[in-house]
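K.L.:
Starting off with a structure, shown below.
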Amino acid sequence: MLQTKIRMTLLLIDLNVCLALSDAGNFHNATAWVWLNKLPGATEPFATEKASKPVGDCWLLSFAQSAGASLVTFDRALHQFARSNGATAVIPA
């Protein structure tokens, strides 16, 4: 049996880094992009097209469910979708 070892590093980027990457006016934008571009292949999955909103919403919901967390969102459609699929979701009031 052939065994292949693949070196993999799992990174969980916090909200501040996500905001810096998504906003060119953010103080940390350049630093965040320099760091991300140093990671081999990190941006390849995103090079050709952006994920659609439903894909992103499903990813967030799946992540929340996997972590045993409640999804907190202002998005009423996402809130309804989460609740209709048995997930815990909250709209801040």
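K.L.:
Which of S62, S84 comes first, and how do the rest follow, when ranked by fewest Cβ neighbours within 10 Å?
P.N.:
Listed from fewest to most nearby Cβ atoms, that is S84, S62.
K.L.:
Assuming 1.567 mPa s and 4 °C, estimate D for the range 51-93 with Stokes-Einstein, Rh taken as the Kirkwood radius over Cα pairs, in µm²/s.
P.N.:
Values: Rh = 10.2 Å.
D, rounded to a whole number, is 127 µm²/s.
K.L.:
Along Cα→Cβ, 7 Å out, is where each label goes; now give me the distance between the ones at L19 and N37 in nm to one decimal.
P.N.:
Here the modelled spin labels are 2.4 nm apart.
K.L.:
Using a cut-off of 15 Å between beta-carbons, work out the net charge of the residues near A30 (Lys and Arg +1, Asp and Glu -1, A30 not included).
P.N.:
With Lys, Arg at +1 and Asp, Glu at -1, the neighbours total 0.
K.L.:
Related question: Using θ = phi - 60° and the Karplus curve 6.51 cos²θ - 1.76 cosθ + 1.60, what whole-Hz ³J(HN,Hα) does each residue of the range 13-19 get, with Gly and Pro shown as x?
P.N.:
After applying 6.51 cos²θ - 1.76 cosθ + 1.60, I find 7, 7, 4, 4, 5, 4, 5 Hz.
K.L.:
What are the ³J(HN,Hα) values, in whole Hz, obtained from phi via the Karplus relation 6.51 cos²θ - 1.76 cosθ + 1.60 with θ = phi - 60°, for each residue of the range 62-72 in sequence order, with x given for Gly and Pro?
P.N.:
4, 4, 4, 5, 4, 8, x, 10, 8, 7, 10
K.L.:
Report the gain in length on full extension from W59 to F74: 0.36 nm times residue separation, minus Cα-Cα distance, nm rounded to one decimal.
P.N.:
This chain segment gains 3.8 nm when fully extended.
K.L.:
Quick check: residue separation of A30 and A93 times 0.36 nm, minus the Cα distance between them. What number comes out in nm?
P.N.:
Full extension of this stretch gives 19.2 nm more.
Rule-based calculations on the coordinates, nothing more; no lab input. From a predicted model like this one, the values you see are computed outputs, not experimental measurements. All Cβ positions, even for glycine, are placed from backbone atoms using ideal geometry, and neighbour counts span all protein chains on display.
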